[in-house]
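Take a look at the structure below.
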Amino acid sequence: MNFKYFIGLDVSKKTLDFCLLRAGRTLLHLQTENSSEGIQAFIDQSKQQFGLVLEESLFCMEHTGIYNYPVLDFLSERQAPIWLESALHIKHSSGLQRGKNDKVDAERIAFYAYRNHDNMRLWQPTRQVVKELKTLTALRTRLITVKKQLSASCQEGEGFLDKALRKKIQRCCRQSIKAIEQDLAKVDQQLDQLIASDDELNRLFNLITSVEGIGVVTAREVLITTRWAPPTNLKTSMRPKNMPHGGPLVTLG
């Protein structure tokens, strides 16, 4: 694809910093709210001042989790080309840089897109069911982390605190740990229901878990990691002679 405009976005919870390039020259810096109104304000100003055409523009940004969602949804609805790149990759490709703020970061991302767009991989929208799967899995991970922290607090005083005080700490944490375990059970139930509700995810989940040594949690992570691949690009290879467990191998084709 031939692009005339390259837009670097630095995405944060509340703001978006835009840098617009054309022919390797910076045309515009603009900070807006991280909202549909903010994105539209940038597009309107860029069209008015510099003749921006969405189909001829490459929007590049780093992975920032849920903070990316508003701009990804807005741009994908308008079929604008989007490049979602690893922050570490951009950092390494940019070399040693002085100074760091949102404006500078947006410009670095824009120049990264300008110099490397021949190697770009355009982002494809994630299906809603996979987005929900990812969000619930992240919540599950946070709950497990909190549970481990509380459990450690109950044990770390052993050998240093007297027995009566340690028992008080354990009583204080007991209900919280129990509540977290109940929440974890609810999240697991929702995850199971979500996968079962989608024929393609359910089929792949069953294939993945049929592999010896791969459990439910790992299978969910595989489904999330390969979320960019549409169902038509997924296939199953049966190669029992090459696999010690004799089961199916899920591949991307």
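The values are calculated or read from the model by the stated rules, or taken from the named source; none is laboratory data. The shown structure was predicted, so the numbers you read here are calculated from the model rather than taken from an experiment. FYI the Cβ positions are ideal-geometry reconstructions off the backbone, even for glycines, and counts take in every protein chain you see.
Which one of the conditions (1) loosely packed, with under 15 Cβ neighbours inside 10 Å; (2) farther than 24 Å from Glu56 by Cβ; (3) touching a helix residue (DSSP H, G or I) at 6+ places or on another chain (Cβ under 9 Å) does Arg142 fail to meet, given that it meets all the rest?
Checking Arg142 against (1) loosely packed, with under 15 Cβ neighbours inside 10 Å; (2) farther than 24 Å from Glu56 by Cβ; (3) touching a helix residue (DSSP H, G or I) at 6+ places or on another chain (Cβ under 9 Å), the one that fails is (3).
Quick check on region 1-53: of everything there that is among the hydroxyl-bearing types (Ser, Thr, Tyr) and under 20 Å from Ile90 (Cβ atoms), which residue is surrounded by the most Cβ atoms within 10 Å (Cβ to Cβ)? Explain how you work it out, then say what you get.
Taking region 1-53 and keeping what is among the hydroxyl-bearing types (Ser, Thr, Tyr), we get 5, 12, 15, 26, 32, 35-36, 46.
From what is left, the residues that are under 20 Å from Ile90 (Cβ atoms) are 5, 12, 15, 26.
On the way: Tyr5: 22, Ser12: 13, Thr15: 15, Thr26: 15.
Across region 1-53, the extreme among qualifying residues is Tyr5.
Kindly indicate the residue of region 110-126 that is touching a residue at least 24 places away in the same chain (Cβ under 8 Å) and surrounded by fewer than 19 Cβ atoms within 10 Å (Cβ to Cβ) and also farthest from Ala23 (Cα to Cα) among those meeting that condition. Give the derivation first.
Keep residues of region 110-126 that are touching a residue at least 24 places away in the same chain (Cβ under 8 Å), which gives 110-114, 117, 120-126.
Keeping just the survivors that are surrounded by fewer than 19 Cβ atoms within 10 Å (Cβ to Cβ) gives 117, 120-122, 124-126.
Details: His117: 13, Met120: 18, Arg121: 21, Leu122: 20, Gln124: 26, Pro125: 28, Thr126: 31 Å.
It comes out as Thr126.
Being of a type in the set (Val, Ile, Thr), more than 13 Å from the chain's Cα centre (by Cα), part of a helix (DSSP H, G or I) and not assigned by TED's automatic domain parsing to the domain that holds Thr218 is the requirement here; does Ile109 meet it? Explain how you work it out, then say what you get.
Details: of a type in the set (Val, Ile, Thr): yes; more than 13 Å from the chain's Cα centre (by Cα): yes; part of a helix (DSSP H, G or I): yes; not assigned by TED's automatic domain parsing to the domain that holds Thr218: yes.
For Ile109, the condition - of a type in the set (Val, Ile, Thr), more than 13 Å from the chain's Cα centre (by Cα), part of a helix (DSSP H, G or I) and not assigned by TED's automatic domain parsing to the domain that holds Thr218 - is met.
So Ile169 clears everything in (1) among the aliphatic types (A, V, I, L, M); (2) surrounded by 11 or more Cβ atoms within 10 Å (Cβ to Cβ); (3) at pLDDT 90 or above except one condition, right? Which one?
Ile169 satisfies every listed condition except (3).
Please pick out the residue among Ser153, Ser176 that is free of Cβ contacts under 8 Å to residues at least 24 places away in the same chain and either surrounded by 12 or more Cβ atoms within 10 Å (Cβ to Cβ) or on the phi > 0 side of the Ramachandran plot (or both).
Working: Ser176 fails: free of Cβ contacts under 8 Å to residues at least 24 places away in the same chain.
Only one candidate passes the filter, namely Ser153.
For region 179-199, what are the residues that are of a type in the set (Gly, Ala, Ser) and touching a residue at least 24 places away in the same chain (Cβ under 8 Å)?
If we filter region 179-199 for residues that are of a type in the set (Gly, Ala, Ser), which is where we start, we get 179, 185, 196-197.
Result: Ser197, single match.
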